[in-house]
Amino acid sequence: MEILYEDNHIIAVNKKVSDIVQEDKTGDEPLSERVKAYIKEKYNKPGDVYLGIPHRVDRPVSGVVLFAKTSKALVRLNKMFQEHDQEITKIYWAIVGNLPEQDHARLTHYLTRDPEKNKSYAYNKPKGGAKEAILEYTLLGAGQRYYLLEVKLCTGRHHQIRCQLAKIGCPIKGDLKYGSPRSNEGGGISLHARSITFKHPVREETITVTAPPPLKDPLWHFFYENLK
């Protein structure tokens, strides 16, 4: 487990593809339990370890996940993530198979969600029950067959990046649910939570936590090295 940042109130880790953030119906060990075990061992804590989960990252996605070590931190982080206010910025990297029409754009769609299929649908115009979804993307790199986009989330919707990029004809590599022609080895998708910038819930200073992508993947390694 790669620890990216830790203090008395928060801890951030670099989630691997296929990790689940918290317990679900699969019964697989969640990342939250491994973080608790790490804290218990490192600080020799007796009894149960407190760990709050202010946000989640989809199972097939890698990157930064932030946890709260105190209830005070959790309450304040929950507010930031739920309101998606100016005190928090989430940046993602996405590898796509099609070149978008513009190198940089701000996308606004209206998303509906089908809970049974665990899938979202994007519309260009407002629709009954749909929620506004906004992101900005920038083309960072190009290979022979794939392109690297940096995405800034302006709202926090279910499968937002996956759904909106698919809507403009740029499904994320490996994302069969949203139109990628083939899966990735291991079942993940080429979407990485690159960084979170936020106001510390207790000290109120601005902190940025950045996660390197899964460099064992040759494509991630190629793009990462070419950005240096």
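The values are calculated or read from the model by the stated rules, or taken from the named source; none is laboratory data. What you see is a predicted model; the values in this text were computed from it and never measured. Every residue, glycine as well, gets a Cβ built from its backbone with ideal geometry; the counts of neighbours run over all protein chains shown.
Okay, here's what the table says:
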item: Cross-chain or 6+ apart pairs with Cβ under 9 Å, the range 1-22 first and within 14 Å of Ala37 (Cβ to Cβ) and modelled with pLDDT of 95 or more, then surrounded by fewer than 13 Cβ atoms within 10 Å (Cβ to Cβ) and β-branched (Val, Ile, Thr); result: Ile11/Ile3; Val13/Ile3
item: Of all residues in the range 61-79 being part of a helix (DSSP H, G or I) and farther than 13 Å from Glu204 by Cα, the one that is modelled with the lowest pLDDT; result: Lys79
item: Any hit, the range 159-173, residues being in contact with a His (Cβ under 7 Å, 6 or more places away or on another chain), in a helix (DSSP H, G or I), in contact (Cβ under 8 Å) with a residue 24 or more places away in the chain and not small (Gly, Ala, Ser); result: yes
item: Qualifying residue in the range 192-203 (condition: closer than 19 Å to Arg145 by Cβ, surrounded by 14 or more Cβ atoms within 10 Å (Cβ to Cβ) and not β-branched (Val, Ile, Thr)); result: yes
item: Residues within the range 25-65 that are in contact (Cβ under 8 Å) with a residue 40 or more places away in the chain and of a type in the set (Gly, Ala, Ser), tallied; result: 2
item: Yes/no for Arg194 being part of a strand (DSSP E or B), touching a residue at least 12 places away in the same chain (Cβ under 8 Å) and either more than 14 Å from Ile95 (Cα to Cα) or among the basic types (Lys, Arg) (or both); result: yes
item: Which listed residue is on the phi < 0 side of the Ramachandran plot, modelled with pLDDT of 95 or more, outside any strand (DSSP E or B) and surrounded by fewer than 18 Cβ atoms within 10 Å (Cβ to Cβ), from Gln82, Gln102; result: Gln102
